[in-house]
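The values are calculated or read from the model by the stated rules, or taken from the named source; none is laboratory data. In this text, all values refer to a predicted model and were calculated from it rather than measured experimentally. Glycine gets a Cβ as well: all are built from the backbone with ideal geometry, and neighbour counts include every protein chain shown. To get the accessible areas, we keep the full protein, side chains included, count just its heavy atoms, and leave off ligands, DNA and RNA. Shrake-Rupley method; radii C 1.70, N 1.55, O 1.52, S 1.80 Å.
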Amino acid sequence: MEGPQIAFLVLLLALTSYLGNRLWATINGPSYKERILRLATADQQLSNHTSEFARPEILQVTEGIYMAIGYALANSIMIEGKNGIVIVDVTESYETGQAIMAAFRNITKKPVAAIVYTHNHADHTYGAKAFIENETSPPDIWAHESINKEFRRTFTANAAAYRRAMRQFGVFLPDSVNSGIGKTLKFDGGKASIGIVFPTKFVHQKITNLTMAGIDMSIVHIPGETDDQIGIWLPKQEAFLCADDVYKAFPNLYAIRGTPDRNLLQWVESIDTIIGYNPQYLVPSHTRPVVGQSNIQDILTAYRDAIQFIHDQTVRYINAGMDLIDITKKVTLPKNLREHPYLQEFYGTVEWSVKTVFTSYLGWFSGDAVDLSPLSKRDRADKMVKLVGVSKLLEQAREALRGKEFQWALELSSHVLLTNPGHREATEIKLDCLTSLGSRQKSANGRNYYLTSAFEIAGLVDSSSSLKRNREAGIKVLPIILIFRALQIRFKPEDCGHMTTSVYFYFQDSNTHISVVIRNGIVIVKQEECLQCDIIVTTTETTFKTMIGSRIRAITAYGSGELEIQGGAMNFRNIMSCFERN
C-alpha cells in the first residue's frame with residue numbers, strides 16, 4: 001500500500017472513531033465527569049478569597065517574625081533570636097516543610113533551637129522532619145501536655161477521618177478553588193510524605209514563661225479548635241501567635257470531616273485572653289497577619305461575640321423546646337457581624353455551628369420519641385420504594401430537580417440508589433444535585449465535600465489506595481504503643497469472640513514491653529511486662545512494623561530468627577488473624 005493510501009486509511013479510521021464516539025455521547029449523554037464539571041461553578045466571594053493565600057511567600061510581620069504563607073494549608077512561622085530560630089507549626093508534609101525551610105534559610109542560617117506545635121492537627125505537625133537539620137542533635141519540640149491524647153484519638157479513627165478529610169479539603173478534586181483557610185491541603189499519600197516527630201517538651205500551665213534562642217516568650221494555653229491548642233506571646237514585639245483561634249473566615253466551630261464537639265464558651269474565653277494582651281501584631285496559623293492594636297481589637301471582639309451569639313441563641317431555642325433543624329433556620333448573626341470580613345462563611349458555617357451546640361448539650365437524641373430507634377437509611381428506602389415505586393420517586397426527583405429543590409431531589413434519588421445500586425437516571429439526578437448544592441456553597445468545606453461525593457459516586461475518585469499509602473507511612477513513624485492501641489478497634493469478635501488468651505511483646509531495639517489480653521470479644525493493651533502470658537514474642541519494632549502489612553514478611557522474620565515466639569507459632573498466627581488487615 002502506498003504512503004498516500006495509508007495516510008488516507010489512518011485519517012478515515014480516526015474520523016470514524018471520532019464520529020462514533022460523538023454518536024455514542026449523543027445517545028448516552030455526557031460522561032459523569034463532564035456532567036459534574038459542567039455544573040461545578042464556584043461562589044464568586046469564595047473565589048476572590050483565594051487571593052489571601054494565592055502564592056507561596058515569606059512575609060516579615062515585624063522584627064524577628066516571619067510567616068510562610070501559601071506553601072500549604074497552614075502557615076509556618078519563624079521567630080529569629082540572637083543565637084537561633086524557633087519554628088512554630090510545620091505544615092502537613094515533609095515536602096511542604098522542605099520548601100518553607102529553604103525559604104527561611106534565605107533569611108538566616110541560625111540553627112533551629114526549638115519547634116512548637118500549636119496543636120495536634122496534621123497541617124501543623126506532619127512536616128516536622130524537614131525542619132530538623134541535625135538528626136543526631138534534634139531541637140526540642142514543645143506542645144501542650146494533652147497533645148498525645150489528641151493524637152491517639154485521631155489515629156484511632158484514622159480510616160473514617162481520612163476519607164472525610166479528603167472530601168472536606170477537596171484533595172482529589174481537579175479544581176477545589178481553595179480550602180477556606182489556605183489554598184489546599186497537600187496531603188495525598190502518593191504525593192506527600194509524613195514527617196511527624198513527636199513532642200519532647202510539654203507545657204502544663206495556663207501560662208508558661210520561657211526563653212528559647214535568646215527569645216523571651218510566654219506559651220499560653222488557648223483551647224478553641226482543639227483542647228490542646230497553645231499560642232505564643234512575644235512581649236518585645238507585642239505580637240501574639242494565635243494558632244487557629246482566629247483566621248480570616250468564619251471559624252470551624254464544627255468540622256464536617258468529623259470532630260468532637262468544640263466548646264464554644266471555652267473558645268470565647270481564649271479569645272478574651274488574647275484581647276487581654278492588647279497585641280500590636282496578630283499572627284495566625286492560617287491566613288495573613290494583622291497589624292495595629294485597634295484593628296486587632298475590632299477583629300477579636302467581633303470573632304468572640306459571633307461565637308458567643310451562636311452559643312447563647314442556640315441554647316435559648318433549645319430551652320424553648322425547638323427542633324434542631326428549626327433552630328438552624330432561626331439563628332442568624334446580627335448584620336454587623338454577618339458582614340464582618342473575618343466572619344465570612346468561607347470555612348465554618350453558622351448552621352453547622354448551631355448543630356454542634358445542640359449535640360454538645362443534648363447529644364444525638366432530638367427529643368422526639370420517633371427518633372429513639374429510627375429506621376436505617378436502607379430500610380427507609382426499601383419502604384419508600386414499596387410505598388410509591390421507583391418510577392414515582394424518579395418522577396418526583398426530576399420535578400424537584402427542575403424546580404431547583406436540590407436537597408429533596410437528592411434524598412429521593414438516594415432512596416432509589418439504596419435499593420437499586422447503579423441505576424443510571426437516579427445516579428445522574430444525584431450527581432446533578434450534589435454538584436448544584438456544592439456550587440452554591442460559600443464555604444470551601446461544603447463545596448469540596450459535595451463535589452468530592454459526586455466524584456466518588458461517579459467512580460472517578462477512590463481514596464482507598466491513598467488511604468493505604470497513608471496508613472503504611474503512618475505505621476513507620478507512629479510509636480509502637482499507638483499501633484497496638486489501634487489493634488483494639490480492628491479486632492473481629494465475629495470470628496474470635498470465643499477466644500481468651502494473652503500475648504506479651506518485647507521489642508529489643510526500644511526496650512518496650514507490651515501486653516495484649518483478649519477476652520469477652522475485646523482487646524486490652526497495656527505497656528507492661530507479662531511473663532505469665534500464654535505467648536511471648538520477642539522482636540524489634542522495625543521488624544514488627546514491616547510484618548503488619550505483609551504475611552510473607554512475618555514468615556521470613558520467623559524463619560530468620562528476627563521473630564521469636566514462645567507458646568507456638570501457629571497459636572500466634574491464629575491470634576493475629578483475628579485483626580482486620582485493611
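Structure values in brief
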quantity: Farthest toward positive dipole pole in region 287-430 [+1 Lys/Arg, -1 Asp/Glu at C-beta], among ASN336, HIS415, ASN319; calculated: HIS415
quantity: Long-range amide H partners of ALA114 with built H, under 5 Å; calculated: ILE85, ILE87
quantity: Selection of trypsin sites (Lys or Arg not before Pro), region 489-582, meeting DSSP coil and at most 11 other Cβ within 10 Å; calculated: ARG581
quantity: Karplus 3J(HN,Hα) series, Hz, for region 262-277 with 6.51 cos²θ - 1.76 cosθ + 1.60 (x for Gly, Pro); calculated: 9, 7, 5, 5, 5, 4, 4, 4, 5, 5, 4, 4, 5, 4, x, 7
quantity: Sequence-distant lysines (8 or more away, or on other chains) whose Cα lies within less than 18 Å of LYS191; calculated: LYS129, LYS183, LYS468, LYS476
quantity: Share of carbon and sulfur in the accessible heavy-atom surface of region 90-243 [1.4 Å probe, %]; calculated: 49 percent
quantity: Region 281-358: mean projected area of Cα convex hull, nm²; calculated: 5.4 nm²
quantity: Options [x] 63, 57, 48; [y] 69, 66, 60; [z] 78, 71, 71 - which one matches Cα extents along the principal axes in Å as calculated here; calculated: [z]
quantity: Estimated inter-spin distance, LYS330 and THR538, nm [label 7 Å along Cα→Cβ]; calculated: 6.8 nm
quantity: Relative intensity, log₁₀ I(q)/I(0), of region 179-258 from a Debye sum that treats every alpha carbon as a point, q = 0.11, 0.14, 0.20, 0.27 Å⁻¹; calculated: -0.43, -0.69, -1.12, -1.26
quantity: Computed magnitude of the charge dipole of region 350-436 (debye, nearest 20; Cβ of K, R +1, Cβ of D, E -1); calculated: 180 debye
quantity: Stretchable slack from GLN566 to SER137, in nm (0.36 nm times residue separation minus alpha-carbon distance); calculated: 150.6 nm
quantity: Virtual spin-label span in nm between ASP272 and LEU387, 7 Å along Cα→Cβ; calculated: 4.8 nm
quantity: Residue-span extension gain [ARG402 to ASP175] - 0.36 nm each, minus C-alpha spacing; calculated: 79.1 nm
quantity: Per-peptide average of other Cβ atoms within 10 Å, ordering 455-461, 403-409 highest first; calculated: 455-461, 403-409
quantity: Region 379-464 - accessible surface per residue (Å², probe 1.4 Å); calculated: 45 Å²
quantity: Part-to-part distance (alpha-carbon centres) for region 337-385 and region 213-250, which is given in Å; calculated: 32 Å
quantity: Positive-pole candidate from ASN448, ALA400, ILE141, dipole of the chain, charges at beta carbon; calculated: ALA400
quantity: Listed peptides 121-131, 474-484, 204-214 by packing density, highest first (mean Cβ within 10 Å); calculated: 121-131, 474-484, 204-214
quantity: In nm, spacing of pseudo-spin labels at GLN488 and LYS476 (7 Å Cα→C-beta vector); calculated: 2.8 nm
quantity: Pairs from LYS206/LYS545; LYS186/LYS442; LYS430/LYS492 whose Cα-Cα separation, in the structure shown, is over 29 Å; calculated: LYS206/LYS545; LYS430/LYS492
quantity: Å² of accessible area per residue within region 149-263, as computed with a 1.4 Å probe and no ligands counted; calculated: 36 Å²
quantity: Coil-residue GluC sites (Glu not before Pro) of region 304-381, DSSP, other Cβ within 10 Å capped at 14; calculated: GLU339
quantity: Cα-based convex hull volume of region 202-302 per residue, rounded to whole Å³; calculated: 110 Å³
quantity: Value of [θ]222 nm, deg cm²/dmol, for the chain, DSSP H segments ≥ 4, -39500 (n - 2.57) each, nearest 500; calculated: -14000 deg cm²/dmol
quantity: Antiparallel DSSP beta bridges within region 435-582, as percent of all bridges there, nearest 5; calculated: 75 percent
quantity: Residue among ILE575, TYR347, ALA40 farthest towards the positive dipole end of the chain, charges placed on Cβ; calculated: ALA40
quantity: Relative contact order (percent, whole number), the chain, Cα cutoff 8 Å, 6+ residue spacing; calculated: 12 percent
quantity: Dipole magnitude (debye, nearest 20) for region 275-388, charges at Cβ of Lys, Arg, Asp, Glu; calculated: 280 debye
quantity: Per the chain, cysteines lacking a partner by the 4.7 Å Cβ criterion; calculated: CYS242, CYS433
quantity: Charged-residue dipole, Cβ positions (Lys, Arg, Asp, Glu), the chain about Cα centre, Debye nearest 20; calculated: 1180 debye
quantity: Potential extension, ARG55-THR211 segment - 0.36 nm per residue separation minus Cα distance; calculated: 52.8 nm
quantity: Modelled FRET efficiency - R0 30 Å, SER366 with SER465, Cβ distances, 0.05 increments; calculated: 0.20
